[in-house]
Each structure stands twice: as C-alpha cells, then as structure tokens.
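Engineer: Have a look at this one before I ask anything.
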Amino acid sequence: MLTQLGSPVNVTKVFFTKDMLSEEDEYLNFLSKNLKIKWNSEIIFFPFEQGDQNVIFGHQRVSKICVKGLSVQYMDSLMFLCEEITRVRTK
C-alpha cells in the first residue's frame with residue numbers, strides 16, 4: 001500500500017518494546033527507504049508485558065476486546081493512541 005502513494009505521508013513509529021535497539025530502528029529505516037513516507041520525530045513506545053500478551057491472546061480466542069487484565073502501562077499507551085487518532089481526525 002505504501003509503495004502506491006503519490007506523495008509523501010507523515011508516519012509515526014510505534015515500538016512494542018521498552019528497550020529499542022538502534023539496529024532495529026536502522027533496519028526499519030532500511031525497509032522504508034524507498035517508500036514515500038516521512039518519519040515524525042515523535043516515537044511511541046507501546047511495550048507490553050507477558051501478562052498483557054496472555055490477555056490479548058485470550059481476547060482473540062473469544063473475539064472480544066477488553067482492557068481488564070492489561071497492565072497500566074499498556075492501557076496508558078492505548079489511551080494515548082486513541083487520543084492521537086481522535087486529534088488527527090478532528091483537524
């Protein structure tokens with residue numbers, strides 16, 4: 001989909017980890033070097049703990065979305081993303 005873009009779009013990096021290795025960021029930049037995207041300066045870290053992963057898998061099995069049982073950090077990250085999406089849509 002990104003290869004079909006006619007003009008560059010702004011994209012925010014979202015990492016599902018607490019500790020991002022510089023090599024991982026370099027690899028992402030390598031993968032996207034021929035795409036028409038501009039990376040936003042802000043990076044969103046969206047780490048999840050093993051417990052979060054178990055809760056997410058459980059929700060997938062029963063086809064429900066629920067925040068009960070997720071870590072506070074994960075829920076804070078979800079709230080941040082929702083606020084950012086809402087902010088972008090209202091502009």
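Engineer: Mind pulling the per residue volume of the convex hull built on the Cα atoms of region 1-47? Å³ is fine. Could you put the intermediate results ahead of the total?
Structural biologist: Values: hull volume 3.4 nm³, N = 47.
It comes to 72 Å³ per residue, whole-number rounded.
Engineer: In the neighborhood of LEU78, defined by Cβ-to-Cβ distances under 12 Å, what is the net charge if each Lys or Arg adds +1 and each Asp or Glu adds -1?
Structural biologist: Numbers: positive: none; negative: ASP52, ASP76, GLU83, GLU84.
Charge balance near LEU78 sits at -4.
Values quoted throughout were computed directly from the atomic coordinates according to the rules given, and no laboratory measurement underlies them. Not measured: the values here are computed from a predicted model. Virtual Cβ from ideal backbone geometry, glycine too; neighbours counted across all protein chains shown.
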